[in-house]
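J.: Mind having a look at this structure? Questions to follow.
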Amino acid sequence: MALRIYNTLTGSADELVPGGIKKEKIGDYPPVTIYSCGPTVYGYAHIGNFRTFVFNDFLRRYLKFRGFRVDHAMNITDVDDKTIAGAVTESISLKEYTERYTAIFQEDLTALNIEPVEHTPKATESIGAMIEIIDLLVKKGYAYAMEGSLYFPVDRFKSYGRLSRLNSREIKSGLRYDTDEYAKDDVRDFVLWKAPKENEIYWDTPVGKGRPGWHIECSAMIRKIFKTTIDIHTGGVDLIFPHHENEIAQSEAAYGEQFVRHWIHVEHLLVNGSKMSKSLGNFYTLRDLLAKGYSARSIRFLLVSAHYRKQFNFTIDGISQADQALERFDNLLIRLKEIKKEGAPNPHVPNLIDSIFADFTGAVDDDLNISRGMGMVFEFIHAVNTMINDEKLTRMDADSIMLALKKIDAVLGFIFSEGSEKPGIDAAWVESMIAERLAARNSKDYGRADAIRRILLEKGIILEDTREDTRWKIRN
RNA sequence: GGCGCCGUACCCAAGUGGCUAAGGGAGAGGUCUGCAAAACCUUUAUGCAGCGGUUCGAAUCCGCUCGGCGCCUCCA
């Protein structure tokens, strides 16, 4: 079975064929080249932004799970109107400003268990690559100057609008564009290189003094890193037009070859039924939520679990539900670790493991249907729990199930939580309390036993008695 | 105004032509247990926004209606 993913360019779920030439085995393919539109580092990214970044991470992890190699780039936009304005507001240099928010962004990615990608180019460090493409566009007649800026003439690029399916840009009713107000020949034309403004950062280059237009950055970086047609380009749906449309126009006009084979767009995160965005002010940052006591792990679970092509309404209640669901994993892992039974492995376990891999892969191969895939994982958990109840698992079985879960978690990234030992809790003290409680129970002093349970609960520690002994865990 | 998406149980969410409509959360009953928890078992949509139509057969295809959202402008 092949991995199929919806391609915005073709409007259908296309098989992923890295390099564009079909091979017999996945291992024969060249690395999948992926470019993801990264953040503009002004202020804190919100979790709507992180939905896309978590998706990118899930995608690359799944590709690796399926045996592909990946070569993935994500840019950092560190010069544009917003970053310039932000630096002015905070009265610091642009570099200082963008470095601050880039560092914060990286911390958030780490908190969400997002893997580092192979390349993270910054706009300000890629000016040379931008000049190269702009120069080519000028030479080929795909650029015109006006008031010191360079623009791309959209009408010269015949397939413009193919990605967004906006053949001739429709004008919103009741809103008329006065073309005289635009310093361009056509309202659709976009800027490649912006003329310097008073007191603003600029670069003195062969194509003139100024700074990059928004779209040129991605085209230039893709060329610089990957040299030729890339396999996958990802981003939020709001980038389809005009950003990605313009990237295609520039790159294909300049280099005369296909820019990207497979366009993947992630739908919006909604809050109270409307798009979460900075301009609307209806957003949560990761830090807001962590400060309220929700875990990054639960947020990752929530963001991963929603299918990427569906708008997803973000709610606090949703995080709580995710929290509860994660406890099923935690409890299963605790139970698996406790299995001590020696002896030959249960012959049914390998079949069970084979089928979870087959079911999971079958589901996710279908346009990354992770919701169904996770349903399969929960069914697996259920089956394993039942076998534990019936004492049908040996130590070896438990280890092989644990290994299978680790492989699946290489994709999901939330089953095994790191740092389960929370700081501020003295394990030895907990153990001594448990011992005291055991003594109280043995002498049938249940009042004392229950008091100890309450004392620990106040510290967020939950006691659970099993047949052999008492285990403890930290309340989420 | 143009283009597109969505409406499945108390909540979240798969399923897009054919056995009894996945899965998670929450609730109820049960097993186990000094208590509690965990886990397991049972249970909660003759029903898939509404109305028509196509079909032997539709949540799934077509039409209309209602409701919600997105893009067309910086935006993940």
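The values are calculated or read from the model by the stated rules, or taken from the named source; none is laboratory data. Fair warning: this is a prediction, and the values are worked out from it, not measured in the lab. All Cβ positions, even for glycine, are placed from backbone atoms using ideal geometry, and neighbour counts span all protein chains on display. Side chains are part of the model used for accessible areas, which takes the heavy atoms of the whole protein and leaves out ligands, DNA and RNA. Shrake-Rupley method; radii C 1.70, N 1.55, O 1.52, S 1.80 Å.
J.: Summing Lys, Arg as +1 and Asp, Glu as -1, what charge do residues with Cβ under 14 Å from the Cβ of A:ILE222 carry, A:ILE222 excluded?
T.: Numbers: positive: A:ARG223, A:LYS224, A:LYS227, A:ARG261; negative: A:ASP71, A:GLU118, A:GLU132, A:GLU217, A:ASP231, A:GLU247, A:GLU252, A:GLU257.
Result for the neighbourhood of A:ILE222: -4.
J.: Tell me the net charge near A:HIS72. Cut-off is 11 Å between Cβ atoms, A:HIS72 excluded, with +1 for each Lys or Arg and -1 for each Asp or Glu. Could the numbers behind the result be given before it?
T.: Details: positive: A:ARG60, A:ARG61, A:LYS64, A:ARG69; negative: A:ASP57, A:ASP71, A:GLU115, A:GLU118, A:ASP231.
Spelling it out: positives minus negatives among the neighbours equals -1.
J.: Then there's this: Ignoring ligands, DNA and RNA, what percent of the 1.4 Å accessible area of the range A:229-331 is carbon and sulfur? Mind showing how you got there, number by number?
T.: Details: 1820 of 3830 Å².
Of all accessible area on the range A:229-331, carbon and sulfur atoms account for 48 percent.
J.: Now for a different question. Give me the 1.4 Å probe accessible area per residue for chain A, excluding ligands and nucleic acids, in Å². Before the final figure, lay out each step's value.
T.: Values: 23070 Å² over 476 residues.
I get 48 Å² per residue for chain A.
J.: For every other residue with a beta carbon closer than 14 angstrom to the beta carbon of A:GLU90, add +1 if it is Lys or Arg and -1 if Asp or Glu, then tell me the sum. The partial results should precede the final answer.
T.: Working: positive: A:LYS82, A:LYS95, A:ARG100; negative: A:GLU96, A:GLU99.
Neighbourhood net charge equals +1.
J.: Same structure, new question: List every DSSP H helix in chain A whose Cα atoms extend 20 Å or more along the helix's own long axis and whose mean Kyte-Doolittle hydropathy is at least -0.5.
T.: The qualifying helices are A:47-65, A:316-338, A:348-364, A:370-389, A:395-412, A:427-442.
J.: Please identify the GluC sites (Glu not before Pro) of the range A:390-476 that satisfy two criteria: DSSP loop assignment and at most 11 other Cβ atoms within 10 Å. Which are they?
T.: A:GLU391, A:GLU418, A:GLU421, A:GLU468
J.: Right, here's the next one. For a protection proxy built on the mean count of beta-carbon atoms within 10 angstrom, sort A:362-368, A:346-352 highest first, please.
T.: Ranked by mean Cβ neighbours within 10 Å, highest first: A:362-368, A:346-352.
J.: Distance between the C-alpha centers of the range A:1-79 and the range A:106-169? Whole Å please.
T.: 18 Å
J.: Would you list, by chain and number, the lysines whose Cα falls below 29 Å from the Cα of A:LYS337, excluding same-chain residues fewer than 8 positions away?
T.: Straight-distance partners of A:LYS337: A:LYS64, A:LYS392, A:LYS406, A:LYS407, A:LYS422, A:LYS459, A:LYS473.
J.: Provide the packing ranking of A:82-88, A:245-251, i.e. peptides ordered by the mean count of other C-beta atoms within 10 Å per residue, highest first.
T.: Numbers: A:82-88: 17.3, A:245-251: 26.3.
So the peptides A:82-88, A:245-251, ranked by packing, come out A:245-251, A:82-88.
J.: Roughly how many percent of the accessible protein surface of the range A:427-474 is carbon and sulfur, given a 1.4 Å probe and a whole-percent answer?
T.: Values: 1580 of 3050 Å².
Whole-percent figure for carbon plus sulfur exposure: 52.
J.: Find the relative contact order for chain A and round it to a whole percent, using C-alpha pairs within less than 8 Å whose residues are 6+ positions apart. Walk me through the intermediate numbers first.
T.: Working: 648 pairs, mean separation 76.6, N = 476.
For chain A, the relative contact order is 16 percent.
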